[in-house]
Every structure is written in C-alpha cells, then in structure tokens.
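Q: Structure in structure tokens, see below.
The values are calculated or read from the model by the stated rules, or taken from the named source; none is laboratory data. Since this is a predicted model, take the numbers as computed values, not measurements. So basically every Cβ, Gly included, is an ideal-geometry build from the backbone, and we count neighbours across all protein chains shown. Calculation scope for accessible area: heavy atoms of the full protein, side chains included, ligands and nucleic acids excluded. Shrake-Rupley method; radii C 1.70, N 1.55, O 1.52, S 1.80 Å.
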Amino acid sequence: GDSRMVLQSQEEIIEMKDVFSVKLKRRRFVGQKKGGTLLGITIFKCLNKEENKLTDCAIHLNNLSEDHCHSWFRHLKEILNGFQNRPKSLKVFVNPSSHKREATHVYYEQVAPLFKLADIKTDVTVTEYEGHALSVLKECELQAFDGVVCVGGDGSVSEVAHGLLLKAQIDAGKDTDYIPTPVRALVPLGVIPAGTTNILAHTLYGVKHAVTATLHIVMGHIQPVDVCTFSTPSKLLRFGFSAMFGFGARTLALAEKHRWMPSNQRKDFAFIKTLADLKPEECELSFLPLQIPQEDSHENDRITLLYLGSKDQWHKIQGHFLNVSIMAIPCLCSMAPRGLAPNTRLNNGSMALIVVQNTSRTEFIKHLKRYASVKNQFNFPFVETYTVQEVKVQPRLKSGLDAKENTYLNAASAEGNYPWNIDGDLMKEASEVHVRVHPQLINLYGVNTDDLESFQATCSCI
C-alpha cells in the first residue's frame, strides 16, 4: 500500500520444509530490548549452495497490521512445530582442545546463534579432560533431549558416539562387558566439525562446514548409520565406525606422544617418521564374508568378493601386513575425496576389510598417494579388499626384538600392547580384537551422501 514502492512482477515460492524459523519483525531504538513498532514478519529458510554447503537466508514480509502479523506468525509456527524430526532441546558437548582450539569459537560464533534462532534449547558441557563426555553421558537423562551434539574432531565424536550407545545398553539392562546384539541409541547424534580431519562430518555432509552441519541438525535431517563393536574375548572395548591396525595406528600412537607440537606439525611428523621406519605387523586375520549380489560390485574397483554356501564359514589370512583397515562407513576426508573405504556405505550392514600386505616403501607410498586422487587406490597386487560382517585380528608377538632399533615403534609390541586407531582415537590392546558390524545402530543428523549421484564427483573437486 506504499505508493513510493516500485512493484515488481516477480514471485518466489517458499516451501515450508525449507523454513526453520519465523520471527515478528519490529523497529526498536538503541538499547530497547522489548516492544517496538511492528513492521511484519521475517522467515528464515535453509538454502542449498554449491559443494553441498547449506546457508541460511532471511525473507522479510512487511505488514503494519498487528492482527495480520500475529495470525501469520501463529499459523507458520504451527506448521514448523509439525515437523517431527526437528529437535527442540539438545545436549551439546564442546571440546575446547580440538584442532587449533577453535571448537569453542566455532560453537558460540556460528552454531549457537542458529540454534537460538530456531528456538532450540541447549544444555552445553565444555569438556575438561579425555573421557569427560563419556562420564556425563553415563549419568545423563537423555529423555530430556531430542538429540546430542558434539563440537570437535574425530576423537571427540567417537567418544560421544560410544557414550550414547553405552548409555542405551545400560538403560536396556544389558551386560556392558559383552554385547553381541546391542540396542539402538536413544537419540540422534549431531556432528559439528572442529578438528583436523573430521572424517565423519565429511562423510555425512561432503564438506567441513560448521553452518552446513548445524542446519542439518536444525532441519532434522536424520540418517541411520551402521556401527561396529570392538571387543576382546572377555569384554567390550568400545563402539566405533572405523579402525586401523598397523601403519595407521602406529602413526596416531606416535602423534599422541608429541602432543606438545602444533596439530598439523605433529601429524606430519608422525606420518613421515612412521613411514621412514615402516615395519609390517605379523598377525592372523579371520573374517566372515558378506554375501552380496554380483551386480552390486564395482567394475572399476579391484575388490575380492567371497560367495559362500554357508553364511557362518570363516576365512583366515596369516602373514605380515603393513596396514589393516576395518570400516563400516566410506570415511571421506579432504585427503581422500573418494573415501578411505569407497566400496562401503553408511547403512548397508557391512564393513570394508582392506588388507595391505608387506611390500616396499616405494610401493606403499604409491598406494597412499592414490587416496588423494580419483584413481582406484586398491589396484595393487599387495592390496586385498573384502566385504565382511565380522573380523578378528590376532597379533603375533614378535620375538628377538633389537631394543636399539625403532624403540618408539616397537615398544608397544614388545609389551604385548598393540595400538589401534579407532575413529582417530588411540586404543592399546594386547589380545585378539573382534569387530562386528551392527546395521543402523545410531541415527546421525545429516544426509545419505551415497544416494547423491554427483556426490563423489563434487567432493573430488573440493
């Protein structure tokens, strides 16, 4: 009704499934916190950008009528409240020690304002030590929350996911020493990337971007994900999504010994040092292959698929291995745009077992370099891949070690404690480790990137 406005013959359609907040718009004087002249309403929507990124944008609708504005506001709020998966209350864990100590800044500068805008109540715990989130979750009444959010790196996320699943077993009255059939987590888990590699965030969103991760949580995008249990013959060690034994674990163990170094320098130093003193692990691998149709295999990937008459028939491989990877998710990151395990999926009820047999350092480096490209990193005679349901790793204790040779590398083995890299978290175990995959054991906030045809092509260009 304002004659000074130039009317444009342009329409914009807003789908309510893309809207996450609506607010009354008022003009206020400096210092005025309440009241003010009503100008209309503002609608906040989630907008898709390039490279899988999401952003928020505001659409202002002007109307000076109090009745009209309140009527629109009330009806739009009713629609928004009808979206069942959208959280109203969240338990948040922030690890202030994550990569460059940026997690606290990321949360309060980028994440918290969006939660507030979406009228999501939060209960924030800033963790003070390793295992803090786990101890809080064990005592937490999760029924009071719609979800749990972790702001940090892979290690922090792994701890929170383990805590969520352990809490579910405790509440279900299960014996937490041995859990052959665990129950699902009670609430979804949200991952805000604030670490160095952020593998789980990359796998869920296709990009390390805190606002994108936050908006997936706000919009209630739920993705069921498979989880592994890591156990010895006598006890449950932890829940997790992926693990490495050998080179990947040795590198992490060395990096953890140099915590005083800056994060990137520490990781680079550990990688180069472990590569320079490359040694194979002698162990026995037992695995239970998964039966899958032939058409599900990838023609361009060299992958070993075993088809068995009996679904309970175990296979064994014994020898010297440079690295063993066991992954229930693709494990994408900036260094591996196709993923560390590109032949598995988020929720297909299987794990990828990737075995790198002993070879020369030169050939091993060629294999590692392939992860950064779109080429098949498994197309080597010393690399074998399997699609499995269960894996048992039994290290063979080496005898006659030269105490002067690679002291830092062999110390754990000499003591009978072998390092494991589970979701970027270091674990040492002396005995056999049994890994089982459990289909769709937890819901994560995110999208199923497996279903996006252009996803891997997009990620390879990031």
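Q: Is at least one residue of the stretch 206-213 touching a helix residue (DSSP H, G or I) at 6+ places or on another chain (Cβ under 7 Å) and modelled with pLDDT under 90?
A: yes
So that you can scan it fast, the table gives a plain yes or no per residue for (1) part of a loop (DSSP other than H, G, I, E, B); (2) within 12 Å of the chain's Cα centre (by Cα):
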| position | (1), (2) |
| --- | --- |
| 134 | no, no |
| 138 | no, no |
| 143 | no, no |
| 163 | no, no |
| 185 | yes, no |
| 191 | no, yes |
| 202 | no, yes |
| 208 | yes, yes |
| 216 | no, no |
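Q: Scan (1) buried (at least 18 other Cβ atoms within 10 Å of the Cβ); (2) at positive phi for the single condition residue 349 breaks and write down its number.
A: Single failed check for residue 349: (1).
Q: Now, a different point. For the stretch 109-154: of the residues being surrounded by fewer than 18 Cβ atoms within 10 Å (Cβ to Cβ) and among the hydroxyl-bearing types (Ser, Thr, Tyr), which is modelled with the lowest pLDDT?
A: 129
Q: When the residues of the stretch 333-381 are narrowed to those that are basic (Lys, Arg) and part of a loop (DSSP other than H, G, I, E, B), which ends up farthest from residue 241 (Cα to Cα)?
A: Ranking the qualifying residues of the stretch 333-381, first place goes to 375.
Q: Here is a follow-up. Do we find a residue being part of a strand (DSSP E or B), polar (S, T, N, Q) and open to solvent by 10 Å² or more (accessible area, probe 1.4 Å) anywhere in the stretch 233-243?
A: yes
Q: Filter the stretch 166-180 down to the residues that are in a loop (DSSP other than H, G, I, E, B) and touching a residue at least 12 places away in the same chain (Cβ under 8 Å), then identify the one that is most open to solvent (accessible area, probe 1.4 Å).
A: Ranking the candidates gives 178 first.
Q: Does residue 92 count as surrounded by fewer than 18 Cβ atoms within 10 Å (Cβ to Cβ) and either modelled with pLDDT under 95 or under 21 Å from the mean Cα position of the chain (by Cα) (or both)?
A: no
Q: Which members of the stretch 285-319 meet the condition of being under 29 Å from the mean Cα position of the chain (by Cα) and at pLDDT 70 or above?
A: 285, 286, 287, 288, 289, 290
Q: Only one of 322, 278, 340 is touching a helix residue (DSSP H, G or I) at 6+ places or on another chain (Cβ under 7 Å), open to solvent by 20 Å² or more (accessible area, probe 1.4 Å), among the aliphatic types (A, V, I, L, M) and at pLDDT 90 or above; which?
A: Of the residues listed, the single one that is touching a helix residue (DSSP H, G or I) at 6+ places or on another chain (Cβ under 7 Å), open to solvent by 20 Å² or more (accessible area, probe 1.4 Å), among the aliphatic types (A, V, I, L, M) and at pLDDT 90 or above is 278.
Q: Hey, among the residues in the stretch 57-89 that are free of Cβ contacts under 8 Å to residues at least 60 places away in the same chain and among the basic types (Lys, Arg), which one's most open to solvent (accessible area, probe 1.4 Å)?
A: Per the criteria, the residue is 74.
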